[in-house]
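The values are calculated or read from the model by the stated rules, or taken from the named source; none is laboratory data. Predicted model only: the values in this text are computed from it and were never measured. FYI the Cβ positions are ideal-geometry reconstructions off the backbone, even for glycines, and counts take in every protein chain you see.
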Amino acid sequence: MSSKGGCGIRDIIIEGNTSVTSTCFRNLSKVLIAGCNGLKDLTWLLFAPNLTHLNVWNSSEVEEIISQEKASRADIVPFRKLEYLHLWDLPELKSIYWGPLPFPCLNQINVQNNCQKLRKLPLDSQSCIAGEELVIQYGDEEWKEKVEWEDKATRLRFLPSCKLVLYNQ
C-alpha cells in the first residue's frame with residue numbers, strides 16, 4: 001500500500017432495516033484500519049456486535065469513530081464486547097461516541113501520537129463496572145491535561161488509570 005494512495009475506502013454504506021443490518025458483521029472481532037485517508041467515520045462498526053479489538057492508525061481525515069448523525073436511526077449501543085481501543089495518529093479525531101457507553105469488557109484505551117483534538121472519552125462513572133480495571137494509555141502529557149471528563153465522579157474514577165506511555169515514532 002502506498003503512503004499517498006491510502007486504502008481507497010471513502011464510505012461504507014449499509015442500507016436496510018436495523019434487524020437485517022445488525023447481523024452484517026456478526027463474526028467480526030478485530031479491526032485494524034491504517035492509512036485510510038478520506039475516511040471520516042467508522043459508524044458501520046455499529047453492526048459489529050462482537051468487536052473486541054479496534055485499532056485505528058494513521059488515517060488523517062477520521063473525525064469520529066461513531067457519527068451521531070449517521071447513527072441516530074440505529075437503536076444500537078456499540079462496543080459491548082470491546083476489550084482494546086487503540087487510536088494512533090488521527091489528527092482530526094474529535095469523538096469516539098457522543099455520550100458515555102457502558103463498556104463492560106474494556107481493558108485498555110490507547111491514545112497516541114497526534115490525537116490532540118480528541119478531548120472527551122465516552123466514559124462516565126458507571127462505565128467499565130463489570131470488566132477489568134480500565135487502563136488509559138496516552139503519549140502526550142498535554143493530552144491528559146486537556147481531557148474533558150463527564151463529571152467529577154468520572155474524573156476521580158478514571159484519572160488514576162491514565163498512564164503515560166511513549167512509543168518510538
Counting only residues that are outside any helix (DSSP H, G or I) and acidic (Asp, Glu), which one in the range 121-146 is nearest to residue 82 (Cα to Cα)?
-> 132
Name the residues in the range 36-75 that are among the basic types (Lys, Arg) and part of a loop (DSSP other than H, G, I, E, B), would you?
-> 40, 73
Any residue at all in the range 123-133 that is within 30 Å of residue 26 (Cβ to Cβ), within 13 Å of the chain's Cα centre (by Cα) and among the small types (Gly, Ala, Ser)?
-> no
Residues located in the range 70-91, provided they are under 18 Å from residue 117 (Cβ atoms) and without any contact (Cβ under 8 Å) to a residue 12 or more places away in the chain = none
For the range 92-102, does any single residue satisfy the condition of being under 16 Å from residue 41 (Cβ atoms), of a type in the set (Phe, Trp, Tyr) and touching a residue at least 24 places away in the same chain (Cβ under 8 Å)?
-> yes
Restricting the range 67-97 to residues that are within 13 Å of the chain's Cα centre (by Cα) and small (Gly, Ala, Ser), which is surrounded by the fewest Cβ atoms within 10 Å (Cβ to Cβ)?
-> 67
Identify all residues within the range 95-114 that are touching a helix residue (DSSP H, G or I) at 6+ places or on another chain (Cβ under 7 Å) and closer than 12 Å to residue 147 by Cβ; write none if there are none.
-> 111
Residues satisfying the stated conditions in the range 1-35, i.e. under 23 Å from residue 81 (Cβ atoms), at pLDDT 85 or above, out of contact with any Leu (no Cβ under 9 Å at 6 or more places or on another chain) and not polar (S, T, N, Q) = 26, 34
